[in-house]
Amino acid sequence: MKKLLAASAVAAFAVLGVATPAQAAPPTNAAQNSEAYWEARGYGECTKTELPDGIGSYTLAPLAWPNEYTLLVLKAGSGASANDVVKYPWEGQPYSHSSGKDLSHIISCVARKQS
């Protein structure tokens, strides 16, 4: 009798396992497309800018003293190499993605300069 109950339980779990839809794992770099991800890592206040199609480079605008850019994330394409990360980018300098693809968005982070 115990063997019959055990076999029934195993069969029930097998049916439940087949009936349950598989959950897709989120992309590993999806979090890096959020301002909060970079702010939590201490890069200051971050802003995400969505770009229209056909933009191949981005130039950071000048900042008022004593602020400085601490990070620039250039997003182009998908997958593990979708984000190019530039620490302490220069304002007025055009930046392009290393893949040569058009940019879909950028995230720029600003903090007060350390004396």
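All of (1) within 27 Å of Ser104 (Cα to Cα); (2) in a loop (DSSP other than H, G, I, E, B); (3) modelled with pLDDT under 95 hold for Tyr43 with one exception: (3). In the set (1) farther than 16 Å from Thr49 by Cα; (2) among the small types (Gly, Ala, Ser); (3) in a strand (DSSP E or B), Gly92 fails one condition alone, (3). Scanning the range 94-115 for residues that are over 18 Å from Cys46 (Cα atoms), surrounded by fewer than 18 Cβ atoms within 10 Å (Cβ to Cβ) and modelled with pLDDT of 95 or more returns Pro94, Ser96, Ser98, Ser99, Gly100, Lys101, Asp102. Scanning the range 65-81 for residues that are out of contact with any strand residue (DSSP E or B) (no Cβ under 6 Å at 6 or more places or on another chain) and assigned to a loop (DSSP other than H, G, I, E, B) returns Trp65, Ala76, Gly77, Ser78, Gly79, Ala80, Ser81. Residue count for the range 97-112, restricted to those that are charged (D, E, K, R) and either over 20 Å from Ala64 (Cα atoms) or part of a loop (DSSP other than H, G, I, E, B) (or both): 2.
The values are calculated or read from the model by the stated rules, or taken from the named source; none is laboratory data. All values derive from a computational prediction rather than experimental measurement. Counting neighbours? That spans all protein chains shown, and the Cβs are built from the backbone with ideal geometry, glycine included.
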